[in-house]
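> Please see the structure below; I have some questions.
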Amino acid sequence: MTVSTIPSRRGFLVLSGMGLLLAGCSTTSVLAPTPGSQDETVAALPMVNRLRATKGLSALTLDTPARKAAAIQSIRMAKAEKMTHLIGLGDDFGARMKKSDVALPAAENIAAGQQSVNAAVQAWIDSPKHLENMLGNYRGLGVAVAKAEDGRPYWAMVLSG
């Protein structure tokens, strides 16, 4: 009796099916880090929610599109070495939010130079307009930091509807 080295059709189909099943289990995380930035949402969220609770406001949740938009904005500022909402001609906040699928209404807080997420959130709390954003009628949050070539951190917070 000889042993066939050619797999049977049934064996081939079983192995193919297992391969497809395993491929389906292998996913790219929606929350994969954006190269060049560090997601700080998990650290910032409790601080922002404690602040909102003192005002009787509902808690914010982690929001994937807001996290993505914050990462993109922090990288843009770090590359430009400039703390600004709009970078370059034709830049548009609404278009940036739409491109990242951020639910509207949306707001963005930015900061530069703070060495920790605590310091960045505190700087926003200490600024009336930024504080107003954090206490606004939003549901989701994303916070990211990116460092310029000189090491200066640039922070972005995106609040989503």
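The values are calculated or read from the model by the stated rules, or taken from the named source; none is laboratory data. None of the values given here were measured: they were computed from a predicted structure. Reconstructed Cβ throughout: ideal geometry from the backbone, glycine too, with neighbour counts over all protein chains shown. The area values use the complete protein model at the heavy-atom level, side chains included, leaving out ligands, DNA and RNA. Shrake-Rupley method; radii C 1.70, N 1.55, O 1.52, S 1.80 Å.
> Find out how many positive minus negative residues lie around Ile87, taking Lys and Arg as positive, Asp and Glu as negative, among other residues whose Cβ is under 12 Å from that of Ile87.
That sum, taken over residues with Cβ under 12 Å, equals +1.
> Okay, moving on. Provide the per residue accessible area, probe 1.4 Å, for region 91-161, rounded to a whole number of square angstrom.
Accessible surface, normalised per residue, equals 47 Å².
> Under 28 Å Cα-Cα from Lys147, which lysines qualify once same-chain neighbours fewer than 8 residues away are excluded?
Lys68, Lys79, Lys82, Lys98, Lys99, Lys129
> Also, I was wondering about something else. May I ask you to list the aspartates and glutamates whose Cα is less than 14 Å away from that of Lys55, ignoring any residue fewer than eight positions away on the same chain?
Glu132
> Please give the length that would be gained between Ser127 and Thr84 if that part of the chain were fully extended, namely 0.36 nm times their separation in residues minus their C-alpha to C-alpha distance (nm, one decimal).
Contour length minus the Cα-Cα distance gives 13.9 nm.
> Grab the other residues whose beta carbon is less than 10 angstrom from that of Ala107, score K and R as +1, D and E as -1, and report the net.
-1
> Additional query: Give the accessible area for His130 in Å² (nearest 10); use a 1.4 Å probe, count only protein heavy atoms, and leave out ligands, DNA and RNA.
40 Å²
> Additional query: Quantify, in whole percent, the carbon and sulfur part of the accessible surface of region 27-161 (1.4 Å probe; protein heavy atoms only).
Heavy-atom surface of region 27-161 belonging to carbon and sulfur, 1.4 Å probe: 55 percent.
> Now for a separate question. Might you work out the accessible area of Val42 for me, using a 1.4 Å probe with all protein chains in place, and round it to the nearest 10 Å²?
Rounded to the nearest 10, the figure is 100 Å².
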